[in-house]
Amino acid sequence: MTGGLRQAHGDRLRVVVVGAGITGLLAAVRCTQAGHRVVLVDRGAIPHPGSTSFDQHRALRALTVGDPAGTGAAMRLHRRWRELDALLSDRLSGALYRRVGVLTALLGPAAEAGALDTAEAVRLAIRIADPADFPHIGFPEGTAAAVFEPQAGVLLADRFLHAAGRWLRRQPLAELRPGRTVVDVRPDGGRVRLADGTAESGDAVLVAAGPWTARLLGLPVVLHRQSMVYLRPPAGLVNRWAATPVAGGIGTDGRAWLLPSVAGTLLKVSTDAVRHEVSDLADPSNQARWTARVLSSGAIRDIERYDVVRARQCHYATQADGGTGFVRVGPAVWARPASGGDGFRTAPLAVDAVASQLSPAAIS
């Protein structure tokens, strides 16, 4: 079957992409750039507002104290996001990667020395900041300093998704098919069965359905739930928050983080203390209790002055082995369950890696 398709198009493959979150959209973009014909299907709209990727913004930083190799890899990832920003941004979206900086609390002189040593090893620009310069942020007791990465910042997530969709709609090689629910993917061939009884066939199939990937292919996936709270600052602090970087390692226990008001977004706050595994997307949960824990994390001083605009529970998936790339599950089928914060951040690398494997010889 797939051989016939290749005969019709030479080295150009027909690639079916399942899922219109950040991974699926970037996979479609990358494959289109490589000259392949792409069919992107999703059970909802494209981009799908119900995807785990769909949020106002995501943090992007490079420094991992004590890990020069990981920090260097994150710096290369920054460059890839800047390339995508240049490719996809348009007059509707504006700049999609806003380098507002990232601030991370440091506890003790050893942490400060480790941050400086790691940054020096890979030539990452950082500076040591005084937490007193950010009196509206709640730092753990004993925080004497914080490390500031000026080139880090936020990805305007939902705007990235919309911009990628607009870019794809302008490409003759790309076909977007919203409202198509996939019910089965055959790992032994490039065939995707839809709920309406029809099917899509391709030389290669890339499944990027996040938590739903496990249902389609039976891959072992760990499902997590995280509560996010979105706030509007009091009028007197609007300008201060607009100039505030992303902040991590904050709150009473150092597990909270916040993303500031950037380009009209709301202030977003959460804490790793509320992240927990669930067995299913439909698992019951007390949203009010989790929201209260986020608000009491100590990430923001005088939080009672802020208006809570909304709270939501987000789901994301991780592979059982902790990987974030695509897994080959058949001769012409790859899948990427990873989604959510780290899945979003690493999506360009995962997409580049799988795209490099898409050739007639590789899937013969």
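Scanning segment 46-72 for residues that are over 16 Å from the mean Cα position of the chain (by Cα) and within 21 Å of Pro337 (Cβ to Cβ) yields a single hit, Ile46. Scanning segment 306-364 for residues that are at positive phi and assigned to a loop (DSSP other than H, G, I, E, B) yields a single hit, Gly322. The residues in segment 222-234 that are modelled with pLDDT under 95 and either charged (D, E, K, R) or farther than 16 Å from Leu295 by Cβ (or both) can be counted, and the count is 4.
Look at segment 303-323 and say how many of its residues are closer than 29 Å to Pro337 by Cβ and loosely packed, with under 14 Cβ neighbours inside 10 Å. Give the derivation first.
Restricting attention to segment 303-323, the residues satisfying the condition of being closer than 29 Å to Pro337 by Cβ are 310-323.
Subset that is loosely packed, with under 14 Cβ neighbours inside 10 Å: 310, 312, 320-322.
Total meeting the criteria: 5.
Here the condition is being touching a residue at least 60 places away in the same chain (Cβ under 8 Å) and under 22 Å from the mean Cα position of the chain (by Cα); of Leu295, Leu267, Leu259, it holds for Leu259 alone. If you go through segment 41-69 and pick out every residue that is modelled with pLDDT under 95 and in a helix (DSSP H, G or I), you end up with 0.
Whether any residue in segment 127-137 is closer than 15 Å to Ala152 by Cα, of a type in the set (Val, Ile, Thr) and under 24 Å from the mean Cα position of the chain (by Cα) is what I want to check. No, segment 127-137 contains no residue that is closer than 15 Å to Ala152 by Cα, of a type in the set (Val, Ile, Thr) and under 24 Å from the mean Cα position of the chain (by Cα).
Determine whether Gly330 is touching a strand residue (DSSP E or B) at 6+ places or on another chain (Cβ under 9 Å) and either under 19 Å from Gln56 (Cα atoms) or touching a residue at least 60 places away in the same chain (Cβ under 8 Å) (or both). Considered against the rule, which asks whether it is touching a strand residue (DSSP E or B) at 6+ places or on another chain (Cβ under 9 Å) and either under 19 Å from Gln56 (Cα atoms) or touching a residue at least 60 places away in the same chain (Cβ under 8 Å) (or both), Gly330 comes out as yes. Of the listed requirements (1) of a type outside the set (Val, Ile, Thr); (2) buried (at least 20 other Cβ atoms within 10 Å of the Cβ); (3) under 23 Å from Ala129 (Cα atoms), Leu96 misses just one: (3). Would you check if there is a residue in segment 160-172 being hydrophobic (A, V, I, L, M, F, W, C) and touching a Phe, Trp or Tyr at 6+ places or on another chain (Cβ under 8 Å)? Yes, because at least one residue in segment 160-172 is hydrophobic (A, V, I, L, M, F, W, C) and touching a Phe, Trp or Tyr at 6+ places or on another chain (Cβ under 8 Å).
Checking each residue in segment 158-209 for being in contact (Cβ under 8 Å) with a residue 40 or more places away in the chain, of a type in the set (Asp, Glu) and touching a helix residue (DSSP H, G or I) at 6+ places or on another chain (Cβ under 8 Å) picks out only Asp203. There is no residue in segment 290-313 that is closer than 17 Å to Thr52 by Cβ and touching an Asp or Glu at 6+ places or on another chain (Cβ under 8 Å). Going residue by residue through segment 258-265, is there one that turns out to be surrounded by fewer than 23 Cβ atoms within 10 Å (Cβ to Cβ), modelled with pLDDT of 90 or more and not in a loop (DSSP other than H, G, I, E, B)? Scanning segment 258-265 turns up no residue that is surrounded by fewer than 23 Cβ atoms within 10 Å (Cβ to Cβ), modelled with pLDDT of 90 or more and not in a loop (DSSP other than H, G, I, E, B).
Conditions tested, residue by residue: (1) out of contact with any strand residue (DSSP E or B) (no Cβ under 6 Å at 6 or more places or on another chain); (2) more than 29 Å from Ala145 (Cα to Cα); (3) of a type in the set (Lys, Arg).
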residue: Ala247; (1), (2), (3): no, no, no
residue: Asp253; (1), (2), (3): yes, no, no
residue: Thr271; (1), (2), (3): no, no, no
residue: Thr291; (1), (2), (3): no, no, no
residue: Val294; (1), (2), (3): no, no, no
residue: Ala311; (1), (2), (3): no, yes, no
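Residues that are assigned to a helix (DSSP H, G or I) and of a type in the set (D, E, K, R) were ranked within segment 278-302; the one that is surrounded by the most Cβ atoms within 10 Å (Cβ to Cβ) is Arg293.
The values are calculated or read from the model by the stated rules, or taken from the named source; none is laboratory data. The structure displayed is predicted, hence computed values, not measured ones. Backbone-built Cβ (ideal geometry, glycine too); neighbour counts: all protein chains shown.
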